[in-house]
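Student: Starting off with a structure, shown below.
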Amino acid sequence: MSTGKATGGIRMRTGVRGIAVAAAMVFALTGCGDGDATDAVTGNDSNPGIAEGQEKGEQKVPPVSLDEAGMINALPQSSEFTDGTYGAGDPEIVQGTDSGKACFDRLEVECPGVKSFSIKDLALVGSSSDTGATFILVSFNTEEEAAAVLKSAEKQKKEFDGPSGRYTPVKVESGGADESFAIERNDFVGVYMRIGTVLSYVITDDFGRERAEGAAQLQVGRLKVVAAGGDPDA
């Protein structure tokens, strides 16, 4: 997919109050990051680690997770992109043993511990190119399994050297993911993130790095609202 170099923003609507990710969601609302204050290619936006930062007194805060409905509801809506009219494909969800194959096909690494896989495509209407974005969510049994697959995906992308050349690691502010890394090649930008037990992979073509960053922040914001029991479209 590819797109014109429009720099329009991404907005998010939500009626949910009191959720800790409000600041990140506002950041996505305003368009994308400023391109400078970004995280390391592999980094932690908000938490020092899986085991750290989760203790609240003697009660351990459960990690972010999504049920079957959440895996669909957390995927972005076409109306949240304001730089053109985007048509949306039907969201798909794969569960059980087939989810491992779906995860491998898209992330290109083995995905032990996967529970379910969801995907949605958005395409710019009326464009002569393949302008659009793909949003992928993969749910795992544990944070450790999700983190291990993220590390495997990062290693695979760093070592990949195909006919189109190597990927370039880039800095992208995810807006609240526990871990993330991003890669770029020609008009493609891919952002990989872990939020609790869920991996997110945001694929953009010819969006440019800033708009790809905004799309990643939009996904994180929606995911956290849904995981907290809210409606991101209210």
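Student: Check whether at least one residue in region 174-191 is at pLDDT 95 or above and surrounded by fewer than 21 Cβ atoms within 10 Å (Cβ to Cβ), and report yes or no.
Tutor: Yes - at least one qualifying residue is present in region 174-191.
Student: Is it true that residue 200 is under 22 Å from residue 141 (Cα atoms), open to solvent by 40 Å² or more (accessible area, probe 1.4 Å) and modelled with pLDDT of 95 or more? Break it down stepwise before answering.
Tutor: Working: under 22 Å from residue 141 (Cα atoms): yes; open to solvent by 40 Å² or more (accessible area, probe 1.4 Å): no; modelled with pLDDT of 95 or more: yes.
Against the criterion (under 22 Å from residue 141 (Cα atoms), open to solvent by 40 Å² or more (accessible area, probe 1.4 Å) and modelled with pLDDT of 95 or more), residue 200 does not qualify.
Student: Of all residues being of a type in the set (Gly, Ala, Ser) and open to solvent by less than 20 Å² (accessible area, probe 1.4 Å) in region 72-99, which is farthest from residue 232 (Cα to Cα)? Just the residue, please.
Tutor: Restricting to residues being of a type in the set (Gly, Ala, Ser) and open to solvent by less than 20 Å² (accessible area, probe 1.4 Å), the top hit is 99.
Student: Which pairs have Cβ atoms under 7 Å, sit 6 or more apart or on different chains, and link a residue in region 212-227 that is open to solvent by 10 Å² or more (accessible area, probe 1.4 Å) to one that is part of a helix (DSSP H, G or I)?
Tutor: Taking only residues 6 or more apart or on different chains, the pairs are 226/70; 226/73; 227/70.
Student: Looking only at residues that are among the small types (Gly, Ala, Ser) and in contact with a helix residue (DSSP H, G or I) (Cβ under 9 Å, 6 or more places away or on another chain) in region 100-122, which one is surrounded by the most Cβ atoms within 10 Å (Cβ to Cβ)?
Tutor: The selected residue is 118.
Student: From (1) under 14 Å from residue 195 (Cα atoms); (2) open to solvent by less than 40 Å² (accessible area, probe 1.4 Å); (3) not hydroxyl-bearing (Ser, Thr, Tyr), pick out the condition that doesn't hold for residue 141.
Tutor: It is condition (2) that residue 141 fails.
Student: Can I ask one more? Among 166, 209, 194, which is among the basic types (Lys, Arg), out of contact with any Phe, Trp or Tyr (no Cβ under 7 Å at 6 or more places or on another chain) and open to solvent by 40 Å² or more (accessible area, probe 1.4 Å)?
Tutor: The unique qualifying residue is 209.
Student: Do any residues in region 146-174 that are touching a residue at least 40 places away in the same chain (Cβ under 8 Å) have Cβ atoms under 6 Å from those of residues that are buried (at least 18 other Cβ atoms within 10 Å of the Cβ) and small (Gly, Ala, Ser), where the two are at least six apart or on different chains, and which pairs are they?
Tutor: As it stands, the answer is 170/182; 172/182; 173/33; 174/180; 174/216, since those pairs meet every condition given.
The values are calculated or read from the model by the stated rules, or taken from the named source; none is laboratory data. For clarity, every value in this text was computed on a predicted model and none was experimentally measured. Here Cβ is always computed from backbone atoms with ideal geometry, including for glycine, and neighbour counts include all displayed protein chains. Side chains included, ligands, DNA and RNA excluded: accessible areas come from the protein's heavy atoms. Shrake-Rupley method; radii C 1.70, N 1.55, O 1.52, S 1.80 Å.
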